[in-house]
Amino acid sequence: LNMNDMSRSVTEALNTLRTNLFYMENVRVIALTSSLPGEGKSILSFALARSFAAMGKRTLYIDCDMRASRTRSYYKVSAEEKITGLSEYLSGQAPLRVYNTNIDRLSVVFSGKFPPDPAGMLSSPYFEKMLTKLKEMYSYIIIDTPPVSAAVDSAVVGRVADGIVYVVRHDYVKQTLAKRCIDKLERNDCRILGVVMNSVNDSASSYYEGYYGYYY
C-alpha cells in the first residue's frame, strides 16, 4: 500500500481528519467502519494510522475485520508465513503478537485466521482488557472493523472504542442504508465521531451535506 501516491488534495483531507480527531477530548481508540464493502475504509484506516505515526505519535493499527481482512495483502505477507493475530489471541491459541512495520512508530496487529464467531470473540472481556493494556503503550489505536451491513462486529468494537469514524463512498451507498447503519451503531451506544466522504468530486460535495453535517 503506497501512501506516497496519494494526491495533494487527499493528503490534505487526511491531515484535516487527523487534526480534528487529535483535538477531540479523550479520543485515542478510534474504530472505522462503513455501510458496505468496497467503500475504502480499510485503506483509510491504515492511512490514518500512518498519519498519526508521521505526527510523532506511537500508533497501533488493529485489523478487526476477521471476516474479510485485506491487511496481509497490503503487507504482501505470503500464505506460508506463520502469522498469528487477533483471532488466535482471543481464542486462547496464542499470545497477542504485535508486528513492527517499516514505518516509524507504527505497529500492526493482524486479524488472524477466520474464526467461527468473530462477534462473540470481540464481545469477550479479553478484547476490552487488551485495548486497556495497549492504551498504556500507544498514543493512538486505529481499528479497522467490518461493514455494518455485513456483521455486528463494528457495533461491538464501537462500544469499547472511544468513537467511530464512518466512511461513505459517494455514489455507492444510498442515504437510507447509511442512515440505518448509523442508527444501528447509535442504538448500540457507539459514539459517532464523524463521517468521511470518499471519492467525492467538487460538484457532488453537497450531496450528503444535509444529513452528515450533523456529525461534524
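Readers should treat all values here as calculations from the given coordinates under stated rules, not as data from a laboratory. Computed from a predicted structure; not experimentally measured. We place every Cβ from the backbone using ideal geometry, glycine too, and count neighbours over all the protein chains shown.
Approximating the spin labels as points 7 Å out from Cα along Cα→Cβ, the ASP104-to-ALA54 distance works out to 1.3 nm. A simple rule links phi to the HN-Hα coupling: the Karplus curve 6.51 cos²θ - 1.76 cosθ + 1.60 with θ = phi - 60°, which for the stretch 116-130 gives x, 9, x, 4, x, 5, 6, 7, 5, x, 5, 5, 5, 4, 4 Hz, with x for Gly and Pro.
Here the gap between ASN26 and TYR172, fully extended at 0.36 nm per residue and compared with their Cα-Cα distance, gives a gain of 49.3 nm. Close amide H partners of ILE141, meaning residues 5 or more places away or on another chain with modelled amide H under 5 Å apart, are VAL29, ILE30, LEU60. Of the peptides 148-160, 91-103, the ranking by mean beta-carbon count within 10 Å, highest at the top, reads 148-160, 91-103.
Each of SER199 and ARG8 was given a label point 7 Å from its Cα along the Cα-to-Cβ line. The distance between the two points is 2.5 nm. Remark on ARG169: its backbone amide H falls under 5 Å from those of ASN198, a criterion applied only to residues 5 or more positions apart or on other chains, H modelled at 1.01 Å from N. Let a ≥ b ≥ c be the square roots of the eigenvalues of the Cα gyration tensor of the stretch 27-179; is it rounded (a/c under 1.5), or, if not, prolate (a/b larger than b/c) or oblate? Rounded shape, in that the Cα axes give a/c under 1.5. PRE reach from ARG180 (point 7 Å along Cα→Cβ): which of the stretch 137-160 fall under 12 Å by backbone N? Counting only backbone N, you get 149-150. Pairs over the 32 Å Cα-Cα cut-off, from the set LYS133/LYS174; LYS57/LYS129; LYS129/LYS174; LYS41/LYS133; LYS133/LYS179; LYS57/LYS174: LYS133/LYS174; LYS129/LYS174; LYS133/LYS179; LYS57/LYS174.
Once the chain from ASP189 to ALA94 is taken as fully extended at 0.36 nm per residue, the excess over their C-alpha distance is 31.1 nm. Note that the stretch 45-58 has calculated 3J(HN,Hα) couplings of 4, 5, 4, 5, 4, 5, 5, 5, 5, 5, 6, x, 9, 5 Hz, one per residue in order, obtained from phi through the Karplus relation 6.51 cos²θ - 1.76 cosθ + 1.60 (θ = phi - 60°); glycine and proline are x.
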